[in-house]
1. With point charges of +1 on the Cβ of Lys and Arg and -1 on the Cβ of Asp and Glu, referenced to the Cα centre of segment A:224-265, which listed residue (A:VAL265, A:ALA229, A:LEU240) lies farthest in the positive direction of the dipole?
2. Express the carbon and sulfur contribution to the solvent-accessible surface of chain B as a percent, rounded to the nearest whole number, probe 1.4 angstrom.
3. Is the shape of the protein assembly as shown rounded, prolate or oblate, going by the alpha carbon gyration tensor and its root eigenvalues a ≥ b ≥ c, with a/c under 1.5 for rounded and a/b larger than b/c for prolate?
4. How are the C-alpha pair distances of segment B:563-624 spread across 5 Å bins, as whole percents from the shortest bin up?
5. What average count of beta carbons from other chains do you get within 10 Å of the Cβ of residues in A:206-218?
6. Take every residue in peptide B:589-598, count the Cβ atoms of other chains within 10 Å of its Cβ, and give the average of those counts.
7. Order B:603-610, B:532-539 from most to least packed using the mean count of other Cβ atoms within 10 Å.
8. Which entries in A:LYS247/B:LYS174; A:LYS263/B:LYS477; B:LYS328/B:LYS457; B:LYS457/B:LYS518; B:LYS54/B:LYS75; A:LYS87/A:LYS289 show an alpha-carbon gap greater than 20 Å?
There are 2 protein chains.
Amino acid sequence: MTQQINQETAGTEQWHSLAQQLRIDSIRSSTGAGSGHPTSSMSAADLLAVLLSKYLRYDFDHPENPNNDHLIFSKGHASPLLYSVYKAAGAISDEELMTFREFGSRLQGHPTPQIPWVDVATGSLGQGLPIGVGVALAGKYLDRLPYRVWVLCGDSEMAEGSMWEAFQHAAFYKLDNLTAILDMNRLGQTRETMDGWHGDHYAARAEAFGWHAVQIDGHDPEQIDQAYAEALDQPDRPTLIIAQTRKGRGVSFLEDVDGMHGKPVSEDQEQAALDELGDADNLLVEVRKPDPGSGENFTAGLTGALNLPTWEVGDEEATRGAYGAALKALGGAREDVVALDGEVSNSTKSEEFAEEYPDRYFEMFISEQQLVSAAVGMSVRHRVPFASSFAAFFTRAYDFIRMAAISRANIRLSGSHAGVSIGEDGPSQMALEDIAMMRAVHGSTVLQPCDANQAAKLVAEMAERDGIVFLRTLRPKTPVIYDPSEDFSIGGSKTVRSSDDDAATVIASGITVHEAIKAADELKESGIPIRIIDAYSIKPIDGDTLREAARATGGKVVAVEDHWPEGGLGEAVLSALSEEADALHFEHLAVGIMPGSGSSAELLDAAGISSHHIVDAVRKLAND
Amino acid sequence: MTQQINQETAGTEQWHSLAQQLRIDSIRSSTGAGSGHPTSSMSAADLLAVLLSKYLRYDFDHPENPNNDHLIFSKGHASPLLYSVYKAAGAISDEELMTFREFGSRLQGHPTPQIPWVDVATGSLGQGLPIGVGVALAGKYLDRLPYRVWVLCGDSEMAEGSMWEAFQHAAFYKLDNLTAILDMNRLGQTRETMDGWHGDHYAARAEAFGWHAVQIDGHDPEQIDQAYAEALDQPDRPTLIIAQTRKGRGVSFLEDVDGMHGKPVSEDQEQAALDELGDADNLLVEVRKPDPGSGENFTAGLTGALNLPTWEVGDEEATRGAYGAALKALGGAREDVVALDGEVSNSTKSEEFAEEYPDRYFEMFISEQQLVSAAVGMSVRHRVPFASSFAAFFTRAYDFIRMAAISRANIRLSGSHAGVSIGEDGPSQMALEDIAMMRAVHGSTVLQPCDANQAAKLVAEMAERDGIVFLRTLRPKTPVIYDPSEDFSIGGSKTVRSSDDDAATVIASGITVHEAIKAADELKESGIPIRIIDAYSIKPIDGDTLREAARATGGKVVAVEDHWPEGGLGEAVLSALSEEADALHFEHLAVGIMPGSGSSAELLDAAGISSHHIVDAVRKLAND
C-alpha cells in the first residue's frame, strides 16, 4: 500500500521509514544490476529523505520551471540513491528503477541529463559543487529567482582541488542560495579518507573560506532538519552541512565496513540485507512544488540588431581583439549572453564585454576548473556563456570539458595565445595541444580564425551553436585579409588563393594562413602557383573543399599548423582526405621542437612552420 | 666593486641592499627584453634576499648534489627575480642576465630546466607547490636527506584548486621540509585578488589544512629572517609564510599600482626607476653549500633479476591486472621505482605494488593534479615514478602533464578503464580522449597492450623510457594471445594474422585486437583472409610495418579503436601512411556516439567497433 508524505506530515518517523526505503531501493537496484554503489547511497539516505520531503522545491512534471530548485549529486556514484529518490517522488516507476545500468536505460551507472531532472552529468568527482556554484551564480545574479542549489558531496572528493575553487568562489560571490551537504562516511574506495570522521577539519576549512558550517549526525533526521533550516537562514554566505555518516548504514555486514566500495550486495545476501532494513512502506513523497512563475526572466536569442565590429582589409588586429569587440557587440544584441574569464580578461579581451555589461560578466580568477564549471552551470540555466582564458590553460579544465559534453552542455570557450606565435613568454603559455584536446570532445566545434573580420563573424556563429564550441585566438596582430562583407559559416573554409594551374594545396589555419600567403607570393615569382585553403573550421572541417583541392592539385597537399603534429589540423585534414582513395602526396608542417622564448617570427621559423618551410614543402611536392 | 655577502655577514643592511639589487636587475633585464614581469619580481625581492644569503643550501657548481635544497618559483612569471638571484649567487653573468627572453637564451620568459638550477618548468600557475610536495615527499620518505624545499607562491595562484590539493597532502604527509612563501602583493593581472591583503584569510585556511602559518611584513628583512627560522623549527608540519608585500615595491610609479602586471618599465622610465632604487653595490652572495654527501642514497636501474609475471596463451587476464603484477615485479628488481595512485589502486591494480613495497607507494587520494605533480617531483629526485588512475581522470591533470613535458620530466602514467569496454559504469568513467590527449604531448610515448604478457613486457620497457610515458589498460579480462617469450619493444607492432592473400589490413589496439581476431575468423570462413596488426605502440607507431601492410593489401586499411574518432589510433595510422603516396582505401571505426551503460559487448557493438563492424568494413573494402 502506498503512503503519502508531504511537507506538513513529514516527521522523524516518516523520515526514518523513507530513508530505509531509499536504502532498500538502492540495494535492490544495484543487486539487480550486478554493479553499482549501494553503500555510498545508504550513508546519505537520511540526508535525502529529509531534503526531499521538506526542503526541496521541485516540480517533477515540469523540470523546465525556472523556479525549481537544483539537486546535484556531486558524488555521482550514489546514483542508486538518486534514482530511489526519483521513485519516492513518483517520477519513475519501480519497474524503471530496476533497469538501473541496463543497456538503453536512462538510469545509467552515473547520472546524466538524459534524465530530465538531472542538470549535469557527474561521476568524475569534484565537479558537482563547482557546477552548483555556476547555477547558484545564475540564480542570484542573472535569474534573480529564489531557487536553491543543493549539492550532495562525498568526503573522498574533498581531496579534489576543484572543490576548494568552488569554496572560494561561492564565498566571494556570497552564494546564500547554495548548500553543500557533505556525506562524511569516512571510507573511500580503498581506505579511510585523509580526514576520516574529523568533521572539525572540514568545518574549519569551510569557515576559513567564508562559509557557514554545521556539523551533525547524518543519521539523525532532526539534526538534519535543523541543519537545512539553518542553511536557509544564512544571509550572504553558503552553508556546508557536515554530516557524519556510516557507509552501508543500516545493514550490519555493510555498515562502516572497509572494502565494500562500489560493490553490490550479492543476490545470496540481498534478502538478509533487506530484512535488516525492515519493510518498505512504499512511501510516496509529495514534493513541494515551487511557484509556477511566469516563465524565464530573460529573452533568449537576438533582441536587437547585431552590429558586429568590422575592420578594413589591410588593417592589423589580433583575433583576440576581434573576439573582445565581437563579444561586446553580441552582448548588446542578446541578453542571454554572459562572459566569464580566468583573470586574464585584458589578454583574452573579454574585458570589452566586462566593461560594457558588468552585470553579465563573472570574474572567475585563476581557477580554470571553476571557470568552465560556472559556464556549465549557466548553461543549465539557459544562458549562452562565453568563457575565456589562455588556450593553454584550458588544459587545466579538460576533465570538466569532457564531462560538459556528457552533460550536453552548451558552452563556448575562447582560448587566446595559441601556439609559438605568442613569442617571448615561452612554452608554458603556448597552446600547442589545444586543437587535439578540443577535437577529441564528443560533438565539439573547433574554430581558428586568421583575421579580425573572420573572428567577429565566428563569434556570432558560436552563440547559435550547441555543444562545446572552442575558438582559438592569436596574441599578435595579423593583417585583415577578408572584406567585412564575407561570410564564414561553421563547417566551411575559405579558398584564399586559387588558379587552374596550382601545383599544390596548402591548408592552413590561424597564423599559418599568413605564412602561406607569404609563401604563395614567393612561389608565384618562381612560377609555381599554389592553392591556399583557410581551414578556419577545424571541426567540422570542410571535407568537400579539401578533397576537391587535393584532386585539383594532383594529390599534392601541405598542411601547416602552429600546434604539435598530433591531433591537430594536419590529422583533421588527413581524416577528411581519407574519404577518397586517390593517391596523396602529403607534407605536414607542425611544431616539431620544444620552443623557447623569442619573437613570433623567430619561433615560427624555428618550429618549422614559417613561410620558407611552406615554400620548401611545396617545391618538394612540385618536383615529385 | 663587488661586495661579498655570506651567512655570517648577512644582516638587515645587506639584505636591503641585496633586495634593491634584485629589483634593479629585474627591471634592467625586463626592460632590456621589452617584456616580462618586473613588478611581480620586485614584491618578492626581500623574501629572496634573506633566503639566498642565509637559509638556502645550494651548490651552484654541483646542481646534482643530492643534498641541495630545492627552490621552486611557483609564480614562474617572477623569472626576472629568479635570474637576478642567479646573478647575485654568481651563477650567471650580468651579460647573460641581459639575454632574458631572447631567442636561444636559456633565460626564457618563464623558468625551465634548460637552466641547471631549475627543477621544473613553471608559468602555469598553481603547479610549483604541488610539485614541491612531490620533491618534499622524496626528501622525507625516499632520500631521507635533510634538504629543504622552498616554494615561492603568488597570491593569485591561491585560487587554483591544485594549491589546496598540495596543502592537504603536505599536511597529511607531515612535510616539515617544505616551506611555502606567499608573496601576497594583493594585485593580480587585472584587479585585486579575491583576498587582497587579508593575510588572516590565508593563515586560517593553511591552519585549517594542518599547516603552520606565519604572517609578516614581506619587506622587513628581520621579520622575514624570523619567519624562515620559525619554518625550520616546525616538526612534522609544513609552513606557510604569508608575506604582505607591494607589487612594484621600491619605485613610486610602480608600487601597488594596478594595471602594471606583466609590463616592463619603458626605456624612457628605466633610469627614473633605477634612481629610486639607489646604487646597486654589485653584491655577490656566497650561498651556503650543503654537505657534499656521498652520492645518492639509492641505486638507479636494475639491482636484481626482473622476474616478470607470465600467463599462458588462452588464459584470461585484464591488462590492468598485468600492470599491477608487472609493477610489483619491477619494484623487486629496481629500488628506484616508486608508485603513486589516485585512491583507486584496487581498480588500477597498483595495489599489488603498494602491498609489497609500502615504503615506495604514495597514496595521493582523489587529487589527480597532485598525483601527477608528485610524480614529477619524484622524477626531479631521479626516481622512476609510475602514477596510476582511471585513464579518464588523467584529463584532470592535462595541464600538469603538458608542463611536465616542458620540465623534461620522466614520468610513467598508467590509465585504466579505457573506452566503452568498461561497461556499466557509463561515460564519465570511460577514457575516450586519452590517446588524443597523450599523443599531443611533446616527446610522449603512448602504449596500449591487448593481453597480459604484452602489458607486463611494456611495463618493463616503460621504466627505461624517458619523457611522458602513458600506458592505457583495460578493465575487462581479455584472452592471452601472446606467448610469454614474445618481445614487445616501444615503437614496434605485432602482426597477429597474415597471409599472402590478405584482402585488407586491420589495425587495432587493446580491446579491438580481440574484435579484429573474431572478425578475421568470421571472414576466413567466407574466404576473405585479412592481416591484423596490433599497434600496441601508438606513439611512436610502427610506420614501416603499417606501410608495408597497406602495400601488401592494396591500400585497403581498416583502423578500429575504442576512442573518439579524433586524435587516436586512426589518425596516428593516417599520419604514418601519409608518408607514402599510394592510394589508400581507408575505413575508420571509432566511437561515434555518446555511450551509456551496458555490458562491454553491448557497448562495443553500439559504438560501431565490434567484430561485425570490422567484418562489414573489410567486406566493403574487398568489394571496392
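1. A:VAL265
2. Details: 7990 of 18480 Å².
C and S fraction of accessible area: 43 percent.
3. In terms of gyration-tensor shape, rounded.
4. 4, 16, 21, 21, 20, 10, 5, 2, 0
5. On the way: counts 1, 3, 10, 7, 5, 0, 0, 0, 0, 0, 0, 0, 0.
Partner-chain Cβ atoms within 10 Å, mean over residues of A:206-218: 2.
6. On the way: counts 0, 0, 1, 1, 1, 8, 4, 12, 17, 7.
Per residue, the average neighbour count from other chains is 5.
7. Working: B:603-610: 22.4, B:532-539: 26.8.
In decreasing order of mean packing, B:603-610, B:532-539 become B:532-539, B:603-610.
8. Details: A:LYS247/B:LYS174 28 Å; A:LYS263/B:LYS477 18 Å; B:LYS328/B:LYS457 13 Å; B:LYS457/B:LYS518 25 Å; B:LYS54/B:LYS75 22 Å; A:LYS87/A:LYS289 16 Å.
Result: A:LYS247/B:LYS174; B:LYS457/B:LYS518; B:LYS54/B:LYS75 exceed 20 Å.
The values are calculated or read from the model by the stated rules, or taken from the named source; none is laboratory data. Note that this is a predicted model, so its numbers are computed, not measured. In this analysis, Cβ positions are derived from the backbone assuming ideal geometry, glycine residues included, and neighbour counts consider all displayed protein chains. What goes into the accessible areas is simple: the full protein's heavy atoms, side chains included, and nothing from ligands, DNA or RNA. Shrake-Rupley method; radii C 1.70, N 1.55, O 1.52, S 1.80 Å.
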